[in-house]
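Data first, discussion second: the structure below is written as structure tokens.
The values are calculated or read from the model by the stated rules, or taken from the named source; none is laboratory data. Only a predicted model underlies this, so the values are computations on that prediction, with no experimental measurement involved. Here Cβ is always computed from backbone atoms with ideal geometry, including for glycine, and neighbour counts include all displayed protein chains. Heavy atoms of the whole protein, side chains included, go into the accessibility calculation; ligands, DNA and RNA do not. Shrake-Rupley method; radii C 1.70, N 1.55, O 1.52, S 1.80 Å.
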Amino acid sequence: MNPRQHRRTRPRALGVLLTALVLGTLAAPAGAADLPPQEPGVTLRTFDVQTPLDEICTLKPGQTPNVDKLMPTIDWQSTEDFGVSDNFVSQVIANINVPEAGDYAFRLISDDGSRLLIDGQLVIDHDGLHSAEPKDGSIQLASGYHALEIDYFEQSADQVLSLQWRPPGAADFSVVPNSVLSTDAGVVRVTAPGRKECEGGLDTPGDGLPLTSVHPNYTLTDLRPEGFEPQISAMDWLPDGRLAVATWGGSETTAGEVYLLDNVTGDTGPGEVTFTRVAEGLREPMGITDVDGTLYVSEKHQLTELNDLDGDGVTDEYTPIAQWPHSGNFHEFAFGLLYEEGHFLLNLSVAIDYGGATTDPQPAADRGTTIKVSRETGEITYVAGGLRTPHGLGRGPGGDLFVTDNQGGWLPSSKLLHIEQDRFFNHYTNPPGPFDENPVTKPVLWLPQNEIGNSPSTPVMLTEGPFAGQMLIGDVTYGGLQRAYLEEVGGEYQGAVFRHTQGLEAGVTRVSVGPDGAIYTGGLGADGNWGQEGKLRFGLQKLTPNGTNAFDIASMRATPDGFVLTYTQPLSQETADALATSYRVQQWRYEPTADYGGPKLDQETLPVTSAELSESGTEVTLVIDNLSTDRVVHIQSPRPFSSADGETLWSTEAWYTLNAIPTA
């Protein structure tokens, strides 16, 4: 199992389909051997967009559906079937196993609009507002499996969607039977409440939509030699400049390994990189660190010292240093590994049920915690608790300790947390954890789900360049790197998060700043939703600063009556002239409950009273009415928004977690 099997992804055949659409070709029919294990039926996903549509919309990518379930056939006529009554979009995903080659006629009946695609080819376009009317289409199909998808929307009144067919030799249409329909078996289905969003007509990557490419400030380099496909779960640097990586090995047939990579820093590429396996047989290692020439890994159940007894560079002895409470639940992980002053630091995730609910009662005590382990004695000390899936662990401003946690029970959205002794972060368990009676510590940052994050991983701090002092946060499912600007208000951290870069080969599990100043990213993907859609399930790349200073939002800091946005370049005169009316501002709050995830609450649009540009042309002071504490404030500098040199703003949005409003 993987650390976070939460949301159903499209069947693998549809992944091939999407690639085919991009390349302008059609996927060939898949044989049974080409598919993951199947079960009879189809996957129905419903997205509650809460706004009237008059045609099928394109959903913003990566959103968790409100409904995700297995259905025997496609023949539905009620709210009970779809799970939502009005103003929703549904997707039907399946594979259809055609018994013989020939011309197949299909009939799509829907109220309102729908369309049918098979192997990426549009067979029936039945879009628009209408009652339950039939529309027919036909396609030549070879025998075997074919990817099938239906998109459907409902505005109001009746909910109807039915797919019928007339195979070769049949006289009449009939509902496509369960016997020829299948979908991926054993995939955990997770849903999340709240409104989902369609792409707007003006949305573009970095302005209403996720980025799709590499930030101009960096040059991307692949680091995997041919044949090396590591599912990287941890990384650290040796004093001699070699990179140590652990691989996940998260299945019954594979085990985690440790490799040492040489020639990864500086002006190098995959052809120069060499790798040596130095350890194997590990149980899902999620942290690695070098201490005085010895490697340590945090496995699922214990902290392990890797000892090379004969000096050949390969581990001969695996010495347990400490074991922590665990039951073998697939979600019990030991994330991250830091070493300081004789102690290791790491995070223990809680046990969950398939589907995402926190296991009740917990099979092992004192999970969902940050712990400290003595190198000398193996003694475990509990630092903080109330965590669920604390995947990332890193140092930030002031050398303080920060952790990312992933959406789930008691987490309406993912978040970044500041760890200090005895703090509690709101994820309750039965039996209670060691800090459940303590006051709740607010998140430093909310990472609004699917807008700016989904499965956040490693946080690291930048020490050089235009964003020095800020943190980068990797993400496995949303992908790429997000950037966090933090400030202290009232003695506690809060701040803003921005999109930073995409364009990587895999979702990001681990991030490290190398001795050469480049940013190294390790990738991982697995079944369920733990991986970025359309990307590889493994990866190792680096982003090297190239001296470019792209036009971007540098920072966002709070004032008593608004915010100051600082840009990396002076604004153009055209942009400056339109400032008073250009900004869009919203705020909302979250309320943690025992349910998985949660919607935005009290969402409202706020007026911008004034927008004043500094003499340098790089700072805009916004006065905003009706700001409230304990809110996420979303500010968009929508395009066209350009610099004095005519450069388009790289990413237009910022999400500020306003726990407190400065008094001066």
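Quick one: if you stick a label point 7 Å off each Cα along the C-beta vector at E39 and A664, how many nm between them?
6.3 nm
Could you tell me the ratio Rg/Rh of the stretch 195-242? Both radii from Cα atoms, Rh via Kirkwood.
Ratio of gyration radius to Kirkwood radius: 1.18.
Which residues does the label zone of D360 cover in the stretch 593-619, counting backbone N under 20 Å from a point 7 Å along Cα→Cβ?
Counting only backbone N, you get 593-599.
If each residue of separation counts as 0.36 nm, what is the full-extension length gain between E379 and E341 once their alpha-carbon separation is subtracted?
That pair, E379 and E341, stretches by 12.3 nm at full extension.
Where Rh denotes the Kirkwood radius from the mean inverse Cα pair distance, what is Rg over Rh for the stretch 410-532? Don't jump to the answer; show the numbers that get you there.
Values: Rg = 15.6 Å, Rh = 15.6 Å.
With Rh from the inverse mean 1/r over Cα pairs, Rg/Rh is 1.00.
Which ³J(HN,Hα) values, rounded to whole Hz and listed in residue order, are derived for the stretch 593-602 from phi using the Karplus coefficients 6.51, -1.76 and 1.60 in 6.51 cos²θ - 1.76 cosθ + 1.60 with θ = phi - 60°, glycine and proline given as x?
Ordered by residue, 3J(HN,Hα) equals 9, 5, 5, 5, x, x, x, 5, 10, 6 Hz.
Hey, with R₀ at 25 Å, roughly what FRET efficiency would A580 and T204 work out to, going by the Cβ-Cβ distance, to 0.05?
0.60
Take the alpha carbon atoms of the stretch 605-664, find their center, do the same for the stretch 263-326, and report the distance between the two centers in whole angstrom.
45 Å
Sorted by average packing, counted as other Cβ atoms within 10 angstrom per residue and highest first, what order do 472-478, 430-436 take?
Numbers: 472-478: 28.1, 430-436: 16.9.
The most tightly packed comes first, giving 472-478, 430-436.
Pull up all non-local amide H partners of S143: gap of 5 or more, or a different chain, and H-to-H distance under 5 Å with H placed in the peptide plane.
HN-HN under 5 Å from S143: A101.
How large is the convex hull of the C-alpha atoms of the stretch 167-254 per residue, in Å³? Display every interim value, and only then the final one.
Values: hull volume 32.0 nm³, N = 88.
Convex hull volume per residue, Cα atoms: 364 Å³.
What nm distance separates the two modelled labels at D310 and E591, each placed 7 Å from Cα along Cα→Cβ?
6.5 nm
When you have a sec, figure out the Kirkwood radius of the stretch 146-208 from all distinct Cα pair distances and drop it here in Å to one decimal?
16.7 Å
Provide the packing ranking of 98-109, 499-510, i.e. peptides ordered by the mean count of other C-beta atoms within 10 Å per residue, highest first.
Numbers: 98-109: 16.9, 499-510: 24.5.
Put in order of decreasing packing, that is 499-510, 98-109.
How large is ³J(HN,Hα), in whole Hz, for each residue of the stretch 69-76 in order, when computed from phi with the Karplus curve 6.51 cos²θ - 1.76 cosθ + 1.60 and θ = phi - 60°, using x for Gly and Pro?
8, 8, 10, x, 9, 10, 7, 10
Can you tell me how much longer the chain between A105 and D262 gets when fully stretched, taken as 0.36 nm per residue apart minus their C-alpha distance, in nm with one decimal?
The span from A105 to D262 would gain 50.7 nm if fully extended.
Between (1) 0.99; (2) 1.06; (3) 0.93, which entry matches Cα Rg over 2.2 N^0.38 Å as derived from the coordinates of this structure?
(1)
Considering only DSSP beta bridges where both residues belong to the chain, give the percentage that are antiparallel (nearest 5). List each step's numbers first, then the result.
On the way: 191 of 198 bridges.
Approximately 95 percent, going by the DSSP bridge assignments.
Between D353 and R395, what is the spin-label point distance in nm, taking each point 7 Å from the Cα along the Cα→C-beta axis?
Going by the 7 Å Cα→Cβ label model, 4.2 nm.
With a Förster radius of 56 Å, plug the Cβ-Cβ distance of S614 and T294 into 1/(1 + (r/R0)^6) and report the FRET value to the nearest 0.05. Intermediate results must be reported in sequence, preceding the final value.
Values: r = 52 Å, r/R0 = 0.93.
Computed FRET efficiency for S614 and T294 comes out at 0.60.
Run lengths n ≥ 4 of DSSP H only: what is the helix-derived mean residue ellipticity at 222 nm for the chain, with -39500 (n - 2.57) per run over all residues, to the nearest 500?
Only helices count here, giving -1000 deg cm²/dmol.
Of the heavy-atom accessible surface of the chain (probe 1.4 angstrom), what whole percent is carbon and sulfur? Write down the numbers at each step before the final one.
On the way: 11640 of 24810 Å².
Here carbon and sulfur together make up 47 percent of the probe-accessible area.
Given 0.36 nm per residue, what is the gain on full extension from E464 to S78 after removing their alpha carbon distance, in nm?
Using 0.36 nm per residue and subtracting the Cα-Cα distance, I get 133.2 nm.
Which order do the peptides 123-135, 605-617 take when ranked by the mean count of other beta-carbon atoms within 10 Å per residue, highest first?
The densest-packed peptide leads the list: 123-135, 605-617.
Can you compute the charge dipole magnitude of the chain about its Cα centre, using +1 on each Lys and Arg Cβ and -1 on each Asp and Glu Cβ, nothing else charged? Give it in debye, rounded to the nearest 20.
Approximately 460 debye in magnitude.
Over the residues of the stretch 45-172, compute the C-alpha Rg and express it relative to 2.2 N^0.38 Å.
Working: Rg = 14.6 Å, N = 128, 2.2 N^0.38 = 13.9 Å.
Working it through for the stretch 45-172, the quotient is 1.05.
Give me, ordered by chain and number, the residues 5 or more places off L606 or on other chains with an amide H under 5 Å from its own placed amide H.
Here V585, Q586, Q587 satisfy the definition.
Quick one: Debye curve from the alpha-carbon atoms of the stretch 113-179 only, equal weights, vacuum; give me log10 I(q)/I(0) at q = 0.12 Å⁻¹ to two decimals.
Log-scaled intensity ratios, in q order: -0.35.
Assuming R0 = 41 Å, what is the FRET efficiency of E492 and T319, from their Cβ-Cβ distance, to the nearest 0.05?
Working: r = 40 Å, r/R0 = 0.98.
Calculated transfer efficiency: 0.55.
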